[in-house]
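A.B. asks: Mind having a look at this structure? Questions to follow.
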Amino acid sequence: MSSRRSYDLARRLELGALALEAFADSITEFEWQSRLPGDGRKIGVVVHHVASMYPIEIELAQTIAGGQAVEGVTGDVVNKINAEHAKEHDRVTKQEALDLLRHNSAMAAAAVRALTDEDLDRAAPVSLNANAPLTCQFFIEDHALRHSYHHLERIRAALEQKRAAVLSA
């Protein structure tokens with residue numbers, strides 16, 4: 001049975017995914033293909049990236065909920081996964097990315113709702129965070145929940161900057 005906390009976490013995760021989906025759906029094909037400054041990935045690739053990371057982020061959160069340490073996940077590993085993903089999905093369509101975002105965010109929210117308060121409170125070392133003992137709830141908030149909001153703001157800022165440059169030219 002879902003706890004109030006797990007329900008609230010799942011709802012915030014869903015709202016972030018919905019916000020990313022709505023914004024991504026509203027941009028033009030040219031904007032979809034635009035690269036993010038400082039990142040280099042296309043906006044469409046980043047949207048697909050967020051969608052494709054939900055299963056991994058949830059699996060790691062469930063590992064913590066089970067009282068097990070997250071091992072072998074480092075910044076270098078994450079960078080490699082992201083680079084390979086960008087290469088493999090360079091031509092991702094908007095429909096494909098949005099479908100995956102809807103599907104995987106729903107799956108992630110359902111998995112979060114299945115967690116108990118005890119699961120959310122359980123802590124275990126997380127290699128990505130210098131083996132700090134993080135709670136399952138913190139890990140969900142810092143990864144699966146935050147991910148869509150983080151990239152949505154970066155995408156918005158990049159497109160606003162691009163639009164301002166066009167208007168001032």
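The values are calculated or read from the model by the stated rules, or taken from the named source; none is laboratory data. Please read these numbers as outputs of a predicted model, since none were measured by experiment. All Cβ positions, glycine included, derive from the backbone under ideal geometry; neighbour counts span all protein chains shown.
A.B. asks: If you check Ala10 against the conditions, is it more than 21 Å from Pro125 (Cα to Cα), among the aliphatic types (A, V, I, L, M) and in a helix (DSSP H, G or I)?
C.D. replies: yes
A.B. asks: For residues in region 30-42 being part of a helix (DSSP H, G or I) and out of contact with any strand residue (DSSP E or B) (no Cβ under 8 Å at 6 or more places or on another chain), which is surrounded by the fewest Cβ atoms within 10 Å (Cβ to Cβ)?
C.D. replies: Phe30
A.B. asks: Limited to region 110-123, what total is found for residues that are surrounded by fewer than 15 Cβ atoms within 10 Å (Cβ to Cβ) and in contact with a Cys (Cβ under 9 Å, 6 or more places away or on another chain)?
C.D. replies: Within region 110-123, residues that are surrounded by fewer than 15 Cβ atoms within 10 Å (Cβ to Cβ) and in contact with a Cys (Cβ under 9 Å, 6 or more places away or on another chain) number 1.
A.B. asks: Take the residues in region 124-158 that are surrounded by 17 or more Cβ atoms within 10 Å (Cβ to Cβ) and over 17 Å from the mean Cα position of the chain (by Cα), then tell me which one is nearest to Ile27 (Cα to Cα).
C.D. replies: Ala158
A.B. asks: I'm trying to understand the selection: among the residues of region 57-81, which are hydrophobic (A, V, I, L, M, F, W, C) and surrounded by fewer than 15 Cβ atoms within 10 Å (Cβ to Cβ)?
C.D. replies: Of everything in region 57-81, those that are hydrophobic (A, V, I, L, M, F, W, C) and surrounded by fewer than 15 Cβ atoms within 10 Å (Cβ to Cβ) turn out to be Ala69, Val77, Val78.
A.B. asks: Scan region 17-25 and give yes if some residue there is in contact with a Ser or Thr (Cβ under 9 Å, 6 or more places away or on another chain), modelled with pLDDT of 95 or more, of a type in the set (D, E, K, R) and assigned to a loop (DSSP other than H, G, I, E, B), otherwise no.
C.D. replies: no
A.B. asks: If you don't mind, another one. Among the residues of region 81-118, which ones are β-branched (Val, Ile, Thr) and under 16 Å from the mean Cα position of the chain (by Cα)?
C.D. replies: Result: Ile81, Val112.
A.B. asks: Which helices (runs of 4 or more DSSP H) sit wholly inside region 50-169 and have at least 2 residues that are basic (Lys, Arg) and touching a residue at least 60 places away in the same chain (Cβ under 8 Å)?
C.D. replies: Hits in region 50-169: 94-113, 146-168.
A.B. asks: For Arg4, which of the numbered conditions (1) crowded, with 18+ Cβ neighbours inside 10 Å; (2) without any contact (Cβ under 8 Å) to a residue 40 or more places away in the chain; (3) basic (Lys, Arg) fails to hold?
C.D. replies: For Arg4, the failing item is (1).
A.B. asks: Kindly indicate whether Ala97 is in contact with a Lys or Arg (Cβ under 6 Å, 6 or more places away or on another chain) and closer than 27 Å to Ala157 by Cβ.
C.D. replies: No; evaluated as a whole, the condition is false for this residue.
A.B. asks: Further question on the same structure: When region 15-29 is examined, which residues are found to be of a type outside the set (A, V, I, L, M, F, W, C) and either within 13 Å of Ala97 (Cα to Cα) or surrounded by fewer than 19 Cβ atoms within 10 Å (Cβ to Cβ) (or both)?
C.D. replies: Result: Glu21, Asp25, Ser26, Thr28, Glu29.
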